[in-house]
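For reference, the structure discussed in these notes is given below.
The values are calculated or read from the model by the stated rules, or taken from the named source; none is laboratory data. Values in this document were obtained by computation on a predicted structure and should not be read as measured data. For neighbour counting, all protein chains shown are included, and Cβ atoms are generated from backbone atoms with ideal geometry for every residue, glycine included. Each accessible area value is taken on the protein alone, full model and side chains, heavy atoms only, with ligands, DNA and RNA left out. Shrake-Rupley method; radii C 1.70, N 1.55, O 1.52, S 1.80 Å.
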Amino acid sequence: MSLEPKKLLILRIYRILEEYSDAEHPLTQARILDLLYRDYGVEAERKAVGRNISYLAEAGFDIVSTRKGCYLGDKVFEEGELRLLIDSVLCNRHVNELHSKNLITKLVKMGGRNFKSRVKHVYALPDWSKSENKAFFYNIETVDEARAHHRVSPYQMVLRNQHYFLLCYEEYWKNITFFRMDKITDIALTDKPRTPLRELEGYENGINYKELALSRPYMFPDKPEKTEILCPEWFIDEIIDWFGKEISVKPAEGESILVTLSASPKAMEYWAMQYADYAEVLSPRHLRERIKEKIVAAAGKYYSK
């Protein structure tokens with residue numbers, strides 16, 4: 001007979017319901033008694049199990065009773081939500097293999113024993129492309145502490161194109177820039193004061209997250225400019241995926257459309273090179289000229305051999 005206090009019995013029963021039960025696997029009182037003895041070495045009477053389950057229900061816990069037994073219905077995450085979170089960790093290239101395994105183990109544990117048996121495949125991490133930077137989570141914690149205590153010059157972490165970027169003020173060059181969090185090493189806190197964000201041109205009202213997300217398909221720090229793009233009608237979905245719906249669209253010659261949007265010229269230069277077969281940048285003129293120079297230079301590499 002276990003000598004632990006009887007008051008712990010209700011906690012043991014709750015943990016058993018949390019770990020072993022779900023809608024497809026309700027537990028009878030007899031099964032709960034078996035698990036109490038097997039997992040905790042605790043012997044109890046069936047009446048005590050039933051009484052404590054009633055106490056849990058009266059306390060507001062979502063205890064669902066059926067003819068086949070009872071189970072804990074109110075879990076932090078549904079199985080579908082846990083699968084989504086696990087897939088997000090698997091696909092996240094800047095979380096290294098060790099951290100990914102640790103995160104997935106914690107997520108799987110939240111689903112209970114029955115969920116764990118159905119997601120064994122998610123541990124095949126070597127098949128996924130993962131960062132080798134083991135300082136990634138330390139970087140995030142350090143930046144968060146720096147932002148909270150105003151000790152260094154970072155302002156915000158931004159998730160874009162499956163990468164975390166640090167939005168900060170580069171003191172030497174005196175401009176806003178972005179750094180990949182998974183590429184930062186040897187990060188440290190200092191006691192040097194940072195430049196207040198609202199003292200910077202264009203940031204007097206803080207960070208415009210909408211502009212930040214839509215005007216920079218890639219995280220370049222230059223100021224967004226009005227940009228005109230000529231493309232086929234069917235290409236509009238791709239435009240919206242990258243720049244959102246805050247765009248102007250007008251019909252052009254044939255089955256083409258003229259799209260007007262605000263975007264970082266440097267980011268647009270990179271974007272336009274990727275979609276040169278479908279999208280033509282008409283303005284601003286300086287951006288169009290840079291794109292043309294790059295296309296000519298790239299073509300030269302192939303025609304010269």
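What to note about this one:
- Inter-residue pairs, beta-carbon under 6 Å, first under 15 Å from residue 226 (Cβ atoms) and in region 255-277, second in a helix (DSSP H, G or I) and modelled with pLDDT under 90, 6+ apart: 261/243
- In this structure, residue 19 qualifies as touching a Gly at 6+ places or on another chain (Cβ under 7 Å), closer than 21 Å to residue 110 by Cα, assigned to a helix (DSSP H, G or I) and of a type outside the set (Gly, Ala, Ser).
- Filter result (out of contact with any strand residue (DSSP E or B) (no Cβ under 6 Å at 6 or more places or on another chain), more than 28 Å from residue 208 (Cα to Cα) and hydrophobic (A, V, I, L, M, F, W, C)) within region 250-281: 276
- Against the test of being within 24 Å of residue 221 (Cβ to Cβ) and open to solvent by 100 Å² or more (accessible area, probe 1.4 Å), the options 270, 275 yield a single qualifying residue, 270.
- When 19, 24 are screened for being surrounded by fewer than 14 Cβ atoms within 10 Å (Cβ to Cβ) and within 24 Å of residue 77 (Cα to Cα), only 24 passes.
- Long-range neighbours under 9 Å by Cβ, at least six apart or interchain, first residue without any contact (Cβ under 8 Å) to a residue 24 or more places away in the chain within region 41-67, second among the small types (Gly, Ala, Ser) and open to solvent by 90 Å² or more (accessible area, probe 1.4 Å): 57/65
- Where residue 239 falls short, out of the listed (1) part of a helix (DSSP H, G or I); (2) open to solvent by 60 Å² or more (accessible area, probe 1.4 Å): (2)
- Residue 281 being open to solvent by 40 Å² or more (accessible area, probe 1.4 Å), of a type in the set (Val, Ile, Thr), within 17 Å of residue 232 (Cα to Cα) and not in a helix (DSSP H, G or I): no
- Here residue 254 clears all of (1) open to solvent by 40 Å² or more (accessible area, probe 1.4 Å); (2) within 22 Å of residue 294 (Cα to Cα); (3) not in a strand (DSSP E or B) except the condition numbered (2).
- Residue, modelled with the highest pLDDT, within region 164-197, restricted to residues that are among the acidic types (Asp, Glu) and in a loop (DSSP other than H, G, I, E, B): 191
- Scanning region 42-100 for residues being open to solvent by less than 40 Å² (accessible area, probe 1.4 Å), farther than 14 Å from residue 22 by Cβ and modelled with pLDDT of 85 or more gives a total of 8.
- Residue selected from region 174-188 under the condition touching a Pro at 6+ places or on another chain (Cβ under 8 Å) and closer than 17 Å to residue 158 by Cα, by the criterion surrounded by the fewest Cβ atoms within 10 Å (Cβ to Cβ): 177
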